[in-house]
1. Listed residues SER36, SER61, SER51; which is of a type in the set (Gly, Ala, Ser), under 30 Å from MET240 (Cβ atoms) and part of a loop (DSSP other than H, G, I, E, B)?
2. In the stretch 1-37, which residues are among the aliphatic types (A, V, I, L, M), within 18 Å of THR234 (Cα to Cα) and at pLDDT below 90?
3. Which of (1) in contact (Cβ under 8 Å) with a residue 24 or more places away in the chain; (2) surrounded by 14 or more Cβ atoms within 10 Å (Cβ to Cβ); (3) more than 28 Å from the chain's Cα centre (by Cα) does GLN39 not meet, given it meets every other one?
4. Taking the stretch 179-212 only, how many residues are of a type in the set (S, T, N, Q) and within 19 Å of PRO250 (Cα to Cα)?
5. Taking ILE131 and the conditions (1) on the phi > 0 side of the Ramachandran plot; (2) touching a residue at least 12 places away in the same chain (Cβ under 8 Å), which numbered condition does it fall short on, given that it satisfies the others?
6. For the stretch 169-177, check the following and say yes or no: at least one residue is closer than 24 Å to ILE71 by Cα and either surrounded by 14 or more Cβ atoms within 10 Å (Cβ to Cβ) or touching a helix residue (DSSP H, G or I) at 6+ places or on another chain (Cβ under 8 Å) (or both).
7. Find the residue count for the stretch 224-247, including only residues that are among the aliphatic types (A, V, I, L, M) and either at pLDDT 90 or above or on the phi > 0 side of the Ramachandran plot (or both).
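The values are calculated or read from the model by the stated rules, or taken from the named source; none is laboratory data. No experiment lies behind these values; they were computed from the predicted model shown. Note that each Cβ is placed from the backbone with ideal geometry, even for glycine, and that neighbours are counted across all protein chains shown.
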Amino acid sequence: MNKKKRISRFLLATVAVILIVLPLYFMFIAGFMSVSEIQKRPLYLLPPNPSLEYYRQAWKSMKPYLRNSVILALSTSALTLILAPLSAFGLARFRLKVNSLVYGLIYILQILPGVSMITPLFLVFYKIGLINNRLSVILALTAFQIPFASLILSNFMKAIPDELFESAMLDGAGPFRLFWNIALPLSKPALATVGLFAFMAGWGDLLISLTFLQKQHLQPASVGMALFSSIFGTQWNLMMAAGVYYAMIPILASLVASKYFVAGFLAGAFK
């Protein structure tokens with residue numbers, strides 16, 4: 001790669017980083033300013049009279065909503081990591097005639113807009129008494145995540161050498177041991193990838209939570225953020241402070257899983 005290409009790629013990467021970091025920076029400093037200071041033009045690059053009071057108020061308001069978001073995100077991620085590897089292992093290791101049909105259905109589910117499933121799911125959960133129950137959101141989010149997770153994991157498991165499974169089978173290993181002792185340990189990068197995607201889906205969900213959880217004490221932070229906006233105006237400083245709290249968890253989760261994320265995603269996409 002010549003010097004000119006390296007410089008152009010560096011500049012492109014720099015611009016991309018700035019476009020991502022700059023809004024986060026202004027959101028962060030806005031939590032230290034009054035609404036009038038936020039609305040002043042030109043924008044302040046640093047808070048003129050920084051105050052932690054807005055962060056304290058935002059934390060007090062958002063704490064129960066953030067707790068609900070953690071419950072939904074962790075539960076969705078855990079349930080996806082329990083169910084998706086089982087279906088992926090079956091698709092990857094058992095060469096059945098129906099596999100192509102199953103893959104076709106999975107692709108269709110990926111294309112199908114999630115919003116089109118909200119009303120049928122609401123009717124089902126209403127009949128069985130799961131409205132205003134976190135389990136309804138967890139089940140719905142997991143159902144939406146499993147097709148994608150199964151694709152990533154099955155493609156990754158297909159890349160595991162057959163010799164490993166054949167050697168274990170000669171030693172008397174059954175399907176469960178093949179899955180538990182070989183497929184799962186070697187699929188850690190892909191598991192981290194689908195676990196992170198499922199966590200983000202649970203953390204960032206708005207529509208499903210707003211539809212199925214109508215009691216305020218059950219709603220997640222994505223819904224709670226709307227508390228700072230009303231017909232009388234928007235409390236931008238409190239909303240920005242709440243946004244910082246809301247963004248911290250997924251950023252930390254991404255950093256923790258980054259070791260495996262790229263490898264798992266690329267392997268699931270191309271192998």
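1. Working: SER36 fails: part of a loop (DSSP other than H, G, I, E, B); SER61 fails: part of a loop (DSSP other than H, G, I, E, B).
None of the others qualify; the one that does is SER51.
2. Start the filter on the stretch 1-37 by keeping residues that are among the aliphatic types (A, V, I, L, M), which leaves 1, 7, 11-13, 15-22, 24, 27, 29-30, 33, 35.
Of the ones still in play, those that are also within 18 Å of THR234 (Cα to Cα) are 27, 29-30, 33, 35.
Correct list: VAL35 only.
3. The failed condition is (2).
4. Filtering the stretch 179-212 down to residues of a type in the set (S, T, N, Q) leaves 181, 187, 193, 209, 211.
Now drop any that are not within 19 Å of PRO250 (Cα to Cα), which leaves 193, 209.
Of the residues in the stretch 179-212, 2 are of a type in the set (S, T, N, Q) and within 19 Å of PRO250 (Cα to Cα).
5. So the condition that ILE131 fails would be (1).
6. Filtering the stretch 169-177 down to residues closer than 24 Å to ILE71 by Cα leaves none.
No, every residue in the stretch 169-177 fails to be closer than 24 Å to ILE71 by Cα and either surrounded by 14 or more Cβ atoms within 10 Å (Cβ to Cβ) or touching a helix residue (DSSP H, G or I) at 6+ places or on another chain (Cβ under 8 Å) (or both).
7. Step one: of the stretch 224-247, the residues among the aliphatic types (A, V, I, L, M) are 225-227, 231, 238-242, 244, 247.
This time we only want the ones that are either at pLDDT 90 or above or on the phi > 0 side of the Ramachandran plot (or both), so: 238-242, 244, 247.
Selection size over the stretch 224-247: 7.
Each row is one residue, and each column tells you yes or no for (1) of a type in the set (S, T, N, Q); (2) surrounded by fewer than 20 Cβ atoms within 10 Å (Cβ to Cβ); (3) assigned to a helix (DSSP H, G or I); (4) in contact with a strand residue (DSSP E or B) (Cβ under 7 Å, 6 or more places away or on another chain).
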| site | (1), (2), (3), (4) |
| --- | --- |
| ALA192 | no, no, yes, no |
| LEU196 | no, no, yes, no |
| MET200 | no, yes, yes, no |
| ILE208 | no, no, yes, no |
| GLN214 | yes, yes, no, no |
| LEU238 | no, no, yes, no |
| ALA242 | no, no, yes, no |
| ALA253 | no, yes, yes, no |
